[in-house]
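Each remark here refers to the structure printed beneath this line.
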Amino acid sequence: MRSFFLLLFCIPLLALGQYSSNFQQEYFFGNLPHARTEAMGKAGVTLTGSTANLFQNPATLGMIQGWDAVISTSGPFYVLRESDYYFVGASRRLNDRWVTAISLNQFAIGPTTFDVNLGGTRYPAEKPVSSNLAISGAGEILPGLQAGLNLNVFRWTYLDAIPATHQVHLDGGLLYRLALPQPTSGKRELLFGLSVTNLANNKIEFFGPAGEESKQAFPVVLRLGGTFHTQTMIELPTIGKGPLDLTLTTEYQNVLNNDYRTALRLGTELVIWEVFAFRLGAFTSSNDNLGNDVNKSRMNDVTYGFGFRVPAQKLSKGKVPFNLHVDYVSLEPTPVRVTGGTRLPNFRTFTFGFVWALSSTSSSSN
């Protein structure tokens, strides 16, 4: 475990290969697996309660109790209306200390006019598909401190006539939970997180039809963040007594092997009676405009969305073994773009979560 900490702190020394701002940007910096995170300004390094959060910080898995399964889908990608992104994942608590998970991301952009630079020769991409299989684990290494790792197997298909290329890379993260003095009714807590995507600065190698060889570095993404969560019990006439949860979160992002994609994100969530969730967020991020004055050099946006919790276990008196979470967000493409005088469609993300043996620990930031 000491080597894990050493690796995290040595990241600036490892980040030598420059990442091209546009390579796999739709995968690493596009729609997130969780509609909840997307609606909260994309700030997810310290959000817990879902397997989908391992994409931004694998240490968040350590807060999951029992079983958790997630299915998420997003689309379309700008003008590529046949594009689609989906995420499926499941996690399980092994014992009081450790949690493990397996997940799959896939982004397929369908027929496209994009091209791929292979050894200085540009070939029109056909139906590119980017996918990533991750095996993850997290556990409490010190009181209140969770550590997590993702072992990723990335697969990229770009030309029908060329076999898919593969690369293995690691993500690491830490999450510290600080319990605050508790109110008479309810609870309060602070969460602090750190994560690094592509710990060892791995590169992917691919070939062209004539054997041309090319290499491309993956981004090394550092994320730092904090979350404040409070729960208060309130009572309304005819409705009765129930919890009101407020979550405030912030995140700073820096791509260590690129001059762009530095971002600041803010998000908030209000959950009423553990059933209705309302979310609002904002973010700002530097952007490579590729030397074109038409493109924007900075992206700014306000985000929003909602969620609904179905307490199936309670309603069925235990006959249904899980609770259902449904989250949704529909946002304009950022930056907003217009093609041929027609406004492009919104990005839409649906997330369905199935939670077994939900406890107060996992629901505290959910």
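The values are calculated or read from the model by the stated rules, or taken from the named source; none is laboratory data. The structure displayed is predicted, hence computed values, not measured ones. Note that we place each Cβ from the backbone using ideal geometry, even for glycine, and neighbour counts take in every protein chain shown. Quick note on the areas: whole protein, heavy atoms, side chains included, nothing else; ligands and nucleic acids left out. Shrake-Rupley method; radii C 1.70, N 1.55, O 1.52, S 1.80 Å.
Put a plus charge on the Cβ of each Lys and Arg, a minus charge on the Cβ of each Asp and Glu, and nothing anywhere else: the dipole of region 125-196 about its Cα centre is then about 260 debye. Residues of region 31-74 falling in the label zone of K127, defined by backbone nitrogen less than 20 Å from a point 7 Å along Cα to beta-carbon, are 73-74. The relative contact order of region 204-296 comes to 20 percent, based on Cα pairs under 8 Å that sit 6 or more residues apart.
Across region 36-117, the mean sequence separation of Cα contacts (distance under 8 Å, 6 or more residues apart), normalised by length, yields a relative contact order of 22 percent.
Each principal axis of the Cα cloud of the chain was evaluated for its coordinate range; sorted largest first, these ranges are 70, 53, 39 Å. Eigen-decomposition of the gyration tensor built on the alpha-carbon atoms of region 152-213 gives equivalent ellipsoid semi-axes of 47, 12, 6 angstrom, largest listed first. Its relative contact order, with pairs defined as Cα atoms under 8 Å and 6+ residues apart, puts the chain at 19 percent.
Remark: the chain carries a charge dipole of roughly 840 debye about the Cα centre, counting +1 on each Lys and Arg Cβ and -1 on each Asp and Glu Cβ.
In terms of packing, defined here as the mean over residues of other Cβ atoms within 10 angstrom, the peptides 313-321, 22-30 line up highest first as 22-30, 313-321. Peptides 54-63, 242-251 ordered by packing proxy, namely the average of other Cβ atoms within 10 Å per residue, highest first: 54-63, 242-251.
Candidates N22, P181, S91 compared by Cα position along the dipole of the chain: farthest toward the positive end lies P181, with charges placed on Cβ. D for region 157-296, whole µm²/s, Stokes-Einstein with Kirkwood Rh over alpha-carbon pairs at 20 °C and 1.002 mPa s: what number? In µm²/s, the coefficient is 112. Each peptide among 148-158, 87-97 gets the average number of other Cβ atoms lying within 10 Å of its residues, and from highest to lowest they stand as 148-158, 87-97. E269 exposes around 0 Å² of accessible area when a 1.4 Å probe is run over every protein chain in place. Only DSSP H runs of four or more residues enter the estimate; each adds -39500 (n - 2.57), and after division by the residues of the chain the mean residue ellipticity at 222 nm equals -1500 deg cm²/dmol. Once the gyration tensor of the Cα atoms in region 213-272 is diagonalised, the equivalent ellipsoid follows with semi-axes of 42, 11, 8 Å, ordered largest first.
Cross-link pairs exceeding 30 Å between alpha carbons, from the set K187/K317; K42/K317; K241/K319: K42/K317.
When M40, M299 are compared by accessible area of protein heavy atoms, the largest-first order is M299, M40, using a 1.4 Å probe. To the nearest 10 square angstrom, how much accessible area does S21 have with a 1.4 angstrom probe? Surface accessible to solvent at S21 totals approximately 10 Å².
Taking all protein chains as they are arranged and a probe of 1.4 Å, the heavy atoms of K127 leave approximately 120 Å² accessible to solvent. Distance from the alpha carbon centroid of region 137-191 to that of region 194-230 works out to 15 angstrom. Close amide-amide hydrogen proximity is noted between G41 and G281, A282, T303, each under 5 Å apart and 5 or more residues distant or on a separate chain (H modeled in the peptide plane; Pro and chain starts excluded). For region 20-91, the pair-distance distribution built from all alpha carbon pairs, in bins 5 Å wide starting at 0, is 3, 16, 25, 24, 18, 9, 5, 1, 0 percent. Counting 0.36 nm for each residue step from F352 to S20 and taking away their Cα separation leaves a gain of 116.2 nm. Put simply, the amide H of V220, placed in the peptide plane, has neighbours under 5 Å in L256, N257, leaving out anything fewer than 5 places away on its chain. Does a label point 7 Å from the Cα of T232, set along Cα-to-beta-carbon, have any residues of region 256-285 with amide nitrogen under 20 Å, and which are they? Backbone N within reach: 267-280.
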